1. Just one of the numbered conditions (1) surrounded by fewer than 20 Cβ atoms within 10 Å (Cβ to Cβ); (2) not in a helix (DSSP H, G or I) is not true of THR177; which one?
2. Pick from ASN203, ASN186: which is surrounded by fewer than 18 Cβ atoms within 10 Å (Cβ to Cβ), on the phi > 0 side of the Ramachandran plot, modelled with pLDDT of 95 or more and of a type outside the set (A, V, I, L, M, F, W, C)?
3. Just give me the residues in segment 248-266 being polar (S, T, N, Q) and surrounded by fewer than 17 Cβ atoms within 10 Å (Cβ to Cβ), in sequence order.
4. Looking only at segment 86-120, which residues are hydrophobic (A, V, I, L, M, F, W, C), buried (at least 20 other Cβ atoms within 10 Å of the Cβ) and at pLDDT 95 or above?
5. Quick check on this structure: which one of ASN181, ASN199 is touching a strand residue (DSSP E or B) at 6+ places or on another chain (Cβ under 6 Å) and over 25 Å from ILE124 (Cβ atoms)?
6. Quick check on my filter: what residues within segment 8-41 are hydroxyl-bearing (Ser, Thr, Tyr) and surrounded by fewer than 24 Cβ atoms within 10 Å (Cβ to Cβ)?
7. Here is a list of conditions, (1) farther than 30 Å from SER92 by Cα; (2) in contact (Cβ under 8 Å) with a residue 40 or more places away in the chain; (3) not small (Gly, Ala, Ser), and PHE276 meets all of them except one; can you say which number that is?
Amino acid sequence: MQKIVVTGGLGFIGSNLIKILLKKKYYVINIDKITYASNVYNVKNFKNNKKYKFIKCDINNQKKLISILNKHKPKVIFNLAAETHVDRSIDSPKAFIKNNINGTFSILEAVRKYSKINRSFKLIHISTDEVYGDVLNSRSKESDSYVPSSPYAASKASSDHLVNSYIRTFKIKAIITNCSNNYGPNQHPEKLIPKLIYNILNNKPLPIYGKGLNSREWIHVEDHCNALLKVFLKGKIGECYNIGSNINYTNYTIGKKLIKIVKNKHHIGNRVKIKFIKDRPGHDMRYAIDSSKIRKKLNWKPKINLENGLLNTFEWYKDNKKFYTYINKRDIKKRLGILNG
């Protein structure tokens, strides 16, 4: 039985990936240090599965990582452990340097040492489209330069460069993926779509930065996770793959679409209206990636359209309100990323 390690498996994308891997009959070892973004509710449906094991571990603990790899002898590690919220990186960049850069270095060192024993071992390093920076026209390709704007994006860009250096210098078997904005079940409500859904469920205004014109490319987390599995099985070592829908929407459009979709199925309160709020510092206007490479080379494409994805995401949060009880309310309601002075 092939064993797979997922770091950050109590988080949003990690828990959704584990669910898919277990359905595919892999044995999954979930490594998570348990932060504010971790949620044990995300693994409630498979926590007692005989093919699932949880290990509490900080990815900066290189010695423990090596011990886990030596003991379980996995085939691959999907690195999803990261600080991901731009607003938090504005408030406190240090945590992003520690976890996204130093943490990746720790994983790379563990992989380098373990690969001497298991030469077929792979690292799939999951990154973001934000490393390419503001893309006002066209779409970013894998060969484009990195121009990150926020401390978060810079920390992920740094981690990508580290991975590439280990591929070239130490010949580790690694692949990098850069994905567009994810949405779907299990996502922390500090992010746009789950934040809007939380406010709809609680009859509150929907906060949109600035004038709502910032444009993002959205992909359902299930489509992303299926792409990651495809990269593991068929991706070429040393390559980078952009993963996205190739369709952009402004934040204002997302808010309007969500209200319309929910209204067609449910009653919503009279306070559920878009409310423009003070913009985020250094807010990039547009992210957009060209994912033609993974479509052509690995025969992957997203299957869930935005309207269906938004509806099933809303239904999940409506039916899983206990999810919120595992989150500090301050982390849901408090506005972050405002520069003072």
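The values are calculated or read from the model by the stated rules, or taken from the named source; none is laboratory data. Keep in mind it's a predicted model, so treat the numbers as computed, not measured. Methodologically, a virtual Cβ is constructed for each residue, glycine included, from the backbone with ideal geometry; neighbour enumeration extends over all protein chains shown.
1. Result: THR177 fails condition (1) only.
2. After ruling out the rest, the residue left standing is ASN203.
3. THR253, ASN264
4. Matches in segment 86-120: PHE96, ILE107, LEU108, ALA110, VAL111.
5. ASN199
6. Listed by number, the residues that qualify are TYR26, TYR27, THR35, TYR36, SER38, TYR41.
7. (1)
Residue by residue, here is whether (1) under 20 Å from HIS85 (Cβ atoms); (2) touching a residue at least 40 places away in the same chain (Cβ under 8 Å); (3) touching a strand residue (DSSP E or B) at 6+ places or on another chain (Cβ under 6 Å) holds:
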{"site": "LYS260", "(1), (2), (3)": "no, no, no"}
{"site": "LYS263", "(1), (2), (3)": "no, no, no"}
{"site": "ILE268", "(1), (2), (3)": "no, yes, no"}
{"site": "ARG271", "(1), (2), (3)": "no, yes, no"}
{"site": "ARG280", "(1), (2), (3)": "yes, yes, yes"}
{"site": "ASP284", "(1), (2), (3)": "yes, yes, no"}
{"site": "LEU310", "(1), (2), (3)": "no, yes, no"}
{"site": "LYS321", "(1), (2), (3)": "no, yes, no"}
{"site": "ASP331", "(1), (2), (3)": "yes, yes, no"}
